[in-house]
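Notes follow once the structure below has been shown.
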Amino acid sequence: MKTKPTLHVPRRGLWLRVSLSLLLLTQTTCGGWRPWGSGSSADSAPAAPHFRPGFNLFSPEQDVELGRRSAAQIAREAPLLRDEELAGYVGRLGARLAAHAPGEKFPYQFRVVASREVNAFALPGGFIFVNAGTIAAARNEGEMAGVLAHEIMHVALRHGTSQASKAYVARRGLGVLRSVIGDGEDLSSVIDTVGGAGANMLFLKFGRTAERQSDLGGAQLMAVAGYDPRDMAGFFETLAQAGGQRVPEFLSDHPDPGNRVASINELLPSLQVRPDPIRTTPEFERAKARLTGRRLPASAEPERRGPREPEEVEPAARPPRPDGAAEFRAADGSFAFDYPRNWEALQVSETEYMLAPAGAYGRRDGAAYITHGLFVGAVAVKGDDLEAATDAFLRQQLKANPDFQVQGAPRRVALAGREAYAAVVAGPSPVTGKVEVNFVHTLFTSDGRLFYLIAVAPEEEFENYRPSFEGVVRGLRLA
């Protein structure tokens, strides 16, 4: 089979009974809000700290509206990087982390600023900006993930609007506690009160308490998403050593709460860091190479344990049967599964991979094909209707393979704990001339892409491959 990749602000009543000392001293409190669980048993390690958003006059919906306004202003003033591949990489990495963010489900967005300065910042409601210089400075994807996890926690803990709330009360006095934002006072008047256009500064620089919470909360977020929090600490160490006489912009805008690296390292025993955390990926190496102009190291190439190009393989009548097990992980870390060890893994495009035994794959008429094995990938689609997206995907595959037909309607199933669809497509193989069966699974990834897995084998050999195909399906792991 060949594949063809494919303003209105809600009002909210807010009756406050707080003391002046609580208002002025508390930004975010500890305890009570436990988004990830303790991460350790009581007798093995201390529990990781858990933070909850502090004093705030704004609703989460108003966070989003404030962030949207500020993001629009920044987009007018700061040059955004016009590189779809690099911006797409940052967006996918951010989405992988944000999928595990605690608290409100903000519509997180990630943008790259065309600046050599090493910096990143978060606006209320999920609008996160990262300078291109930050990507160039990171030594691996783990360090890049540490920067984004830190910024995501500023959003999740609502540091920006908490800071704005305190500034608003300071300007208006305690009488404001008897009023309700949104009930006779709109966001524009609030922004004017706390500084007009200069209100953005309230969202771009936080105090040491907020920085500590974002450090430790970001470390927890990294561990849950499959990264090693020590990479966050490593990034801070790299910046401190490189600063010399001039403090790097990132450290200036993100003041050290005191023993920043030591605090992250002390947190490690309370976290469930996987034994094989994600350090770097070919996608990160390509993104960094686009910025720095350096040659990619050999390790950045897609893993190939067979011939370098599909054209170099002559299809055999009967490839060796599946044997053993090895882990396959997508370059962006969005999915992983175990597959037969005697198969080869090749990256066909930015979004698609194929895994097959030697002699069972190649290229024909400009398209990759396999006679035995797997096509797997994730593509962007419009809308959030899985059934409609699946139908459109199958039609696209039939267009590339006009002699094939879908055998019955796709069935709704569960896969990797999510809603999915399964379908059988069959037809004469243009390579072997035999009837070929394709077992197709689809589901949505955390960032809204359509994940697909197509298991391919001749009808007469399908039973020999079924156990391996079923093992891949059962063991699928999604970010």
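Here, each number is a calculation from the coordinates, and none is a lab measurement. Everything numeric here is computed off the predicted structure, so don't read it as measured data. Using ideal geometry, Cβ is built from the backbone for each residue, glycine included, and neighbour counts are taken over all protein chains shown.
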For this session: Could you work out how far the C-alpha centroid of the range 204-228 sits from that of the range 81-102, in angstrom?
Result: 17 Å
Exercise. How much net charge surrounds residue 63 when only the other residues with a Cβ under 10 Å from the Cβ of residue 63 are counted, with Lys and Arg +1 and Asp and Glu -1?
Worked result: -1
Exercise. When the chain is fully extended, how far beyond the present Cα-Cα distance does residue 327 get from residue 61, taking 0.36 nm per residue of separation?
Worked result: 91.6 nm
For this session: On a C-alpha basis, how far is the centre of the range 407-433 from the centre of the range 141-158 in Å? Whole number, if you could?
Result: 38 Å
For this session: Compute the FRET efficiency between residue 82 and residue 432 as 1/(1 + (r/R0)^6), taking r as their Cβ-Cβ distance and R0 = 41 Å, and round to the nearest 0.05.
Result: 0.35
For this session: Can you check what the net charge comes to around residue 409, using other residues whose Cβ is under 11 Å from the Cβ of residue 409 (Lys, Arg +1; Asp, Glu -1)?
Result: 0
Exercise. Taking N as the number of residues in the range 308-478, what is its alpha-carbon radius of gyration divided by 2.2 N^0.38 Å?
Worked result: 0.97
Problem set entry | Pairwise FRET efficiency - residue 342 versus residue 209, Cβ, R0 = 60 Å, nearest 0.05 | 0.65
